[in-house]
Amino acid sequence: MTTARRTFVQTAAAAIATSRFPILGANDRVQIGIVGLGGRGRDHMDYYGEIEQCRIAAVCDVNQAARERAVAAIQKAKGFRPSEFAEMRELFASKEIDAVSLPLPNHWHALATIWACQAGKDVYVEKPASHNMFESRKMVEAARKYKRMVQVGSQSRSTPHKIKAIRMLNEGAIGKVFGSRALCFRRRFSIGHTPDQPVPAGVDWDKFLGPAQMKPYSLNKFDYNWHWFWDTGNGDIGNQGVHEMDIALWGLKRTDWPKSVSSSGGKFIWKDDQETPNTQQAAFVWDDGEMTFDVRNLPTPPEGLAPMRGPNYVGNIFFGDLGYMVLDGDGFQIYRSTAGNYVGARGAGAGGREKYEKTADEKGGGDAVVAHIRNFIDAVKSRDYTKLSAEIEIGARSAAFCHLANIAYRLGRPVKVDSAGRFAGDAEASEMQTRKYRTPYVVPERI
């Protein structure tokens, strides 16, 4: 080996040794494209930046300024310049990209996922998986047909204390579980009114709206507040709430559809542009159990078992014939009845002497998103979708339950659901399982 060659090798080795993230071989490091560079997109850049087994190779957004900020941030943090795309299908077509991460507005989740699967890319898509029930089904079809790894951003499925809590429920910690109450007490404030105005320079408004109907640009419809418009969002039950919906279904071990769904509430106090409710209650009923869901964005006092922390509480309460469990981001507690089995228990209920003893108090906390993304990267390498913590079939079902609640809410009446998750004989409800897509941004019937 020549002196020059030896010096080059030694210098390169030293650079690798001192690098924060070791440089892996081309076949080892998963090349990631991030589509959607708003607030959650910037989070994704940080998350993937912590994982040695992947590299952010490309970024995409309809907003030129967002793309420029992302490229500059990655170049500063990592010392290389990722490829930049204004059109997601061009990124999906790139042979340099192995997998894509989609922190997009809700109305784009399904179509972007389907396009990516068709292009041979694995997908990490943010919650809720879909914008409507039809999309949930099509996303699962696409993942299966094209043999793609599709993970939904329901990171509770990768959170250690929540995994342990659900395992204990399944092992009978509170006896036979018959119901749950999911809570989304998330204080928010009025978004006010923003006028229609010219589209800002560098923003492709047509591509932002995509599958949604064309409407004039306004700030409330573009930034985070797209969550509160039916064309682009699903309200808080489909925003923060879908996490708790997923945990509720997980804890109840429900993979079937409820017989009926009802939902009520409204948008109270606020006089603004928001279309979705700021207070919503939903009930899902089976022959052998029920699940209820509460959303409240207005001031909320301590309520029952929910340990309020400031203005917010987000969590789940599970009910069994021997006690109950409270599960949230900070941990879980189990309370068992001192009366034991209700059959033959003297004084249970009637005498008022029944008490509950705390039998478990597990601390949790911390952000599990990086662990959830690591799980995705591992599945990309193993090519085994059953290893995914929140595989698309799981995430799509949890999203569909949010859509069921919103359909009942918007119709103003309960809906009956059949064993296939459809509304047999109810044309009005059936129409709301999908949307009127805007050409060419159409989720196809045939994947």
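The values are calculated or read from the model by the stated rules, or taken from the named source; none is laboratory data. Only a predicted model underlies this, so the values are computations on that prediction, with no experimental measurement involved. FYI the Cβ positions are ideal-geometry reconstructions off the backbone, even for glycines, and counts take in every protein chain you see.
Is it the case that the stretch 157-171 has a residue that's farther than 22 Å from L252 by Cα and touching a Phe, Trp or Tyr at 6+ places or on another chain (Cβ under 8 Å)?
no
Select from the stretch 366-388 the residues that are part of a helix (DSSP H, G or I) and either modelled with pLDDT under 95 or of a type in the set (F, W, Y) (or both) and list them in ascending order. Lay out the reasoning, then the answer.
So in the stretch 366-388, the residues part of a helix (DSSP H, G or I) come out as 369-382, 385-387.
Correct list: F376, Y385.
Does at least one position in the stretch 270-293 carry a residue that is at pLDDT below 95 and either more than 25 Å from D231 (Cα to Cα) or crowded, with 17+ Cβ neighbours inside 10 Å (or both)? Walk me through how you get there before you give the answer.
Here is the first cut: in the stretch 270-293, the ones at pLDDT below 95 are none.
The answer is no, given that none of the residues of the stretch 270-293 is at pLDDT below 95 and either more than 25 Å from D231 (Cα to Cα) or crowded, with 17+ Cβ neighbours inside 10 Å (or both).
In the stretch 316-365, which residue that is part of a loop (DSSP other than H, G, I, E, B) and acidic (D, E) is modelled with the highest pLDDT?
Among those residues, the one meeting the criterion is D321.
Would you pick out the residues in the stretch 405-425 that are over 11 Å from S260 (Cβ atoms), among the charged types (D, E, K, R) and not in a loop (DSSP other than H, G, I, E, B)?
R410 - this is the single residue of the stretch 405-425 that is over 11 Å from S260 (Cβ atoms), among the charged types (D, E, K, R) and not in a loop (DSSP other than H, G, I, E, B).
Considering only residues of the stretch 294-305 that are surrounded by fewer than 21 Cβ atoms within 10 Å (Cβ to Cβ) and of a type in the set (A, V, I, L, M), which is nearest to G365 (Cα to Cα)?
Restricting to residues being surrounded by fewer than 21 Cβ atoms within 10 Å (Cβ to Cβ) and of a type in the set (A, V, I, L, M), the top hit is L305.
Here are some conditions: (1) surrounded by 24 or more Cβ atoms within 10 Å (Cβ to Cβ); (2) of a type in the set (D, E, K, R); (3) free of Cβ contacts under 8 Å to residues at least 40 places away in the same chain. K121 meets all but one. Which one does it not meet?
(3)
What tally of residues in the stretch 142-156 results from selecting those that are in a helix (DSSP H, G or I) and either touching a His at 6+ places or on another chain (Cβ under 7 Å) or closer than 17 Å to Y324 by Cα (or both)? So that I can check it myself, show each step before the final result.
Pass one, the stretch 142-156, residues in a helix (DSSP H, G or I): 142-145, 155-156.
Now narrow it down to the ones that are either touching a His at 6+ places or on another chain (Cβ under 7 Å) or closer than 17 Å to Y324 by Cα (or both): 155-156.
Matching residues across the stretch 142-156 total 2.
Test F92 against the stated conditions and say whether it is among the aromatic types (F, W, Y) and either under 27 Å from F222 (Cβ atoms) or surrounded by fewer than 19 Cβ atoms within 10 Å (Cβ to Cβ) (or both).
yes
Considering each residue of the stretch 419-431, count those that are surrounded by fewer than 14 Cβ atoms within 10 Å (Cβ to Cβ) and within 25 Å of the chain's Cα centre (by Cα), and give that number.
3
Against the condition closer than 15 Å to V123 by Cα, of a type in the set (G, A, S), touching a helix residue (DSSP H, G or I) at 6+ places or on another chain (Cβ under 7 Å) and in contact (Cβ under 8 Å) with a residue 24 or more places away in the chain, how does A390 come out, does it pass?
It is true that A390 is closer than 15 Å to V123 by Cα, of a type in the set (G, A, S), touching a helix residue (DSSP H, G or I) at 6+ places or on another chain (Cβ under 7 Å) and in contact (Cβ under 8 Å) with a residue 24 or more places away in the chain.
Looking at the stretch 43-130, what strands (runs of 3 or more DSSP E) fall wholly within it and have at least 1 residues that are more than 30 Å from R435 (Cα to Cα)? Reasoning before the result, please.
Values: elements: 54-60, 83-85, 99-102, 122-125.
Fully inside the stretch 43-130 and qualifying: 54-60, 83-85.
Within the set of pairs 6+ apart or on separate chains, which have a first residue in the stretch 295-318 that is in contact (Cβ under 8 Å) with a residue 24 or more places away in the chain and assigned by TED's automatic domain parsing to the domain that holds N406, a second that is of a type in the set (G, A, S) and in a loop (DSSP other than H, G, I, E, B), and C-beta atoms under 7 Å apart?
V314/G329
Which condition breaks for A248 when tested against (1) in contact with a Ser or Thr (Cβ under 8 Å, 6 or more places away or on another chain); (2) over 22 Å from H109 (Cβ atoms)?
Answer for A248: the failing condition is (2).
Among the residues of the stretch 150-171, which ones are more than 18 Å from A368 (Cβ to Cβ) and in contact with a Ser or Thr (Cβ under 9 Å, 6 or more places away or on another chain)?
Within the stretch 150-171, V150 is the sole residue that qualifies.
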